[in-house]
Amino acid sequence: MKAPVVFESMFGNTKEIAEAIAAGMGESIETESAGVGGAPVPPEGFDLLVIGGPTHQFGLSRPDSRKGAASEREEPLVSPGIGIR
């Protein structure tokens, strides 16, 4: 069984959770975590696909909410570029 864990993370919290999920699942099945920008497109050949992302204003991030998140910190976003939406 193959199951990637794909995440979008602004500040690193969702990345940490995705890596913990991948580590736990990795005890039973083949898995790895990947940021949304490095995820396979289209996601084919997997038995399970786990996706996680931040919530912005009660939903998945949008271009304007990602821009707002970027303005809240000096460091680059963990997941620059596209979001999972």
Task: Among (1) modelled with pLDDT of 90 or more; (2) in contact with a helix residue (DSSP H, G or I) (Cβ under 8 Å, 6 or more places away or on another chain), the one test that E16 misses - done: (2)
- [ ] Kindly indicate the residue of the stretch 1-13 that is in contact (Cβ under 8 Å) with a residue 60 or more places away in the chain and either assigned to a helix (DSSP H, G or I) or touching a strand residue (DSSP E or B) at 6+ places or on another chain (Cβ under 6 Å) (or both) and also nearest to E75 (Cα to Cα) among those meeting that condition.
- [x] F7
- [ ] Output the qualifying pairs, or none if there are none: Cβ atoms under 8 angstrom, residues six or more apart or on different chains, first residue in the stretch 46-74 and part of a helix (DSSP H, G or I), second residue polar (S, T, N, Q) and surrounded by 12 or more Cβ atoms within 10 Å (Cβ to Cβ).
- [x] A69/S61
Open item on the list: For the stretch 65-82, check the following and say yes or no: at least one residue is hydroxyl-bearing (S, T, Y), surrounded by 18 or more Cβ atoms within 10 Å (Cβ to Cβ) and out of contact with any Asp or Glu (no Cβ under 9 Å at 6 or more places or on another chain).
Closed with: yes
Open item on the list: Within the stretch 22-40, take every residue that is over 14 Å from the mean Cα position of the chain (by Cα) and either part of a loop (DSSP other than H, G, I, E, B) or among the acidic types (D, E) (or both) and give me the one that is surrounded by the most Cβ atoms within 10 Å (Cβ to Cβ).
Closed with: G26
Open item on the list: Contact list please: Cβ distance under 6 Å, first residue in the stretch 26-45 and under 14 Å from G83 (Cα atoms), second residue modelled with pLDDT of 90 or more and among the acidic types (D, E), pairs at least six apart or on different chains.
Closed with: V36/E8
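The values are calculated or read from the model by the stated rules, or taken from the named source; none is laboratory data. None of the values given here were measured: they were computed from a predicted structure. In this analysis, Cβ positions are derived from the backbone assuming ideal geometry, glycine residues included, and neighbour counts consider all displayed protein chains.
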